[in-house]
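The values are calculated or read from the model by the stated rules, or taken from the named source; none is laboratory data. Note that the structure is predicted; figures quoted are calculated from it, not measured. Every residue, glycine as well, gets a Cβ built from its backbone with ideal geometry; the counts of neighbours run over all protein chains shown. Only protein heavy atoms, including side chains, enter the accessible area calculation; ligands, DNA and RNA are left aside. Shrake-Rupley method; radii C 1.70, N 1.55, O 1.52, S 1.80 Å.
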Amino acid sequence: MHKLGCKKNNIQITEKLGFGMLLASAGGLMDVYSYTVRGQVFATGQTGNFVLVAFQLSKKNYLGMIHPFVPIMSFWAGFFVAWHMFYSLSKENPLLWQRRILATSIFILFFTGFIPCSYPNIIADSLIAFAASFQYCAFRKFGIDENYASIFCSGNMRSCVDNYYKGIVRKDKQALKRALKYSCILISFLAGAAIGALESGIFHEKAIWTAAVLLSTALVLSFVFDSDQFAKME
């Protein structure tokens, strides 16, 4: 049975810092796109949608609950489908699974760009949430033991600050290196969000295609490079 983790001397390209930065930039773009173009919900990180559901419930606006609630359900459904792809379709082969996750996500995001803004936003938001859950499910670590999320920042911020404290106050050089890596992930997310915000005002519904391009780049890299070529670059 294959395992999602890799040994130090066999780190896959999908677990390299640069790869994680690429995914984080796509995650930031998807989040700002869903908020600015598709009705001010958060299609990647679902915490905001839980808050919106609770807020609408407190106002007894039951119809208003539907828009943020459906992407939450779509996010959950994405996890079920992703794991089915891992166990049944990809035969527990991690790299094959991750490539299929990327390919499916690219198709979903590309299709989303064709949905006019005049259509109900809930359609596009649900598709983005589905694709985001795929990405969150399949890509969870970079380096040897650094866990991260490529579609939102809270956990990455905690890990970043924890390691800065250990590195600066406790004089742990390895922790400081990890803190810098997490900083790169956070900056990439911010850059993706900034690009998405600018493009959303220009390209509107088609701005999501930039996220599809970023994931396409990641997919190509997974084929061009293998773990043996990068084993000594960590």
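Observations on the model:
Matching residues to (1) free of Cβ contacts under 8 Å to residues at least 60 places away in the same chain; (2) surrounded by fewer than 21 Cβ atoms within 10 Å (Cβ to Cβ); (3) not small (Gly, Ala, Ser):
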site	(1), (2), (3)
25	no, no, no
30	no, no, yes
62	yes, yes, yes
77	yes, yes, no
87	yes, yes, yes
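- Only one of the numbered conditions (1) open to solvent by less than 60 Å² (accessible area, probe 1.4 Å); (2) closer than 14 Å to residue 135 by Cα is violated by residue 83, and that is (1).
- Of the candidates 92, 15, the single residue that is of a type in the set (Asp, Glu) and either surrounded by fewer than 16 Cβ atoms within 10 Å (Cβ to Cβ) or free of Cβ contacts under 8 Å to residues at least 24 places away in the same chain (or both) is 92.
- Candidate set from the stretch 18-47 (those that are over 15 Å from residue 66 (Cα atoms) and of a type in the set (Phe, Trp, Tyr)); member that is modelled with the lowest pLDDT: 35
- Whichever residue in the stretch 137-157 is in a helix (DSSP H, G or I) and open to solvent by 80 Å² or more (accessible area, probe 1.4 Å) and, among such residues, is modelled with the lowest pLDDT: 154
Residues are listed down the side, and each one gets a yes or a no for (1) among the β-branched types (Val, Ile, Thr); (2) over 12 Å from the mean Cα position of the chain (by Cα); (3) surrounded by fewer than 23 Cβ atoms within 10 Å (Cβ to Cβ):
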position: 135; (1), (2), (3): no, no, no
position: 159; (1), (2), (3): no, yes, yes
position: 168; (1), (2), (3): yes, yes, yes
position: 175; (1), (2), (3): no, yes, yes
position: 180; (1), (2), (3): no, yes, yes
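- Filter pass, residue 124 being farther than 24 Å from residue 15 by Cβ, assigned to a helix (DSSP H, G or I) and either open to solvent by 70 Å² or more (accessible area, probe 1.4 Å) or in contact with a Lys or Arg (Cβ under 6 Å, 6 or more places away or on another chain) (or both): yes
- Single residue of 104, 44 found to be open to solvent by less than 50 Å² (accessible area, probe 1.4 Å), β-branched (Val, Ile, Thr), touching a residue at least 24 places away in the same chain (Cβ under 8 Å) and part of a helix (DSSP H, G or I): 104
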